[in-house]
1. Could you list, in sequence order, all residues of the stretch 63-80 that are surrounded by 22 or more Cβ atoms within 10 Å (Cβ to Cβ) and over 16 Å from residue 111 (Cα atoms)?
2. Please identify the pairs in which a residue from the stretch 132-143 that is in contact (Cβ under 8 Å) with a residue 12 or more places away in the chain has its Cβ atom under 6 Å from the Cβ atom of a residue that is surrounded by 13 or more Cβ atoms within 10 Å (Cβ to Cβ) and not in a loop (DSSP other than H, G, I, E, B), counting only partners at least 6 apart or on another chain.
3. Mind listing whichever residues of the stretch 15-38 are assigned to a loop (DSSP other than H, G, I, E, B) and either crowded, with 18+ Cβ neighbours inside 10 Å or touching a helix residue (DSSP H, G or I) at 6+ places or on another chain (Cβ under 7 Å) (or both)?
4. Identify, from the list 57, 43, the residue that is free of Cβ contacts under 8 Å to residues at least 24 places away in the same chain, within 12 Å of the chain's Cα centre (by Cα), closer than 25 Å to residue 152 by Cα and not in a loop (DSSP other than H, G, I, E, B).
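Only the coordinates and a few stated rules stand behind these numbers; no lab work does. Quantities reported herein were computed from a predicted structural model and do not represent experimental measurements. Backbone-built Cβ (ideal geometry, glycine too); neighbour counts: all protein chains shown.
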């Protein structure tokens, strides 16, 4: 009970500090996105500016500007979820591999100051010159279609604290 009260207090405090945060606006359903999964701790959605089809973001519901602000247990839960989502992403888009990326601070090129992990599917022919493929703006309908494919490949019950799936 005490942990829930502390978490609620952190949530309230952090929510006040993040009124202009793009991800917090998304979490509050103020902006349209292609959601894959959501529970009381995390949101998984398609990146609106994907490097490749299937580029997915995993972020905590609570506003943490940096991974260093999160508890060890929260980071463990975050990356446990990343591994489950990555498996579904790779299968959904028939990727040959994937990158997992997480930036902290302006010097590390963190654009939105809210912790988020990128899952970027990779394909044998996506970077013949060894450079990252370019980003593009994706259509919301295309993102939703890909999100549905990924969601359909998630296990019926995640083994991370009895999480529930977002209904399509």
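1. Hit for the stretch 63-80 is 78, nothing else.
2. 143/46
3. To start, the set of residues in the stretch 15-38 that are assigned to a loop (DSSP other than H, G, I, E, B) comprises 18-21, 28-34.
18, 21, 31, 32, 33, 34, listed by residue number.
4. Working: 57 fails: free of Cβ contacts under 8 Å to residues at least 24 places away in the same chain.
Criteria check complete, one pass: 43.
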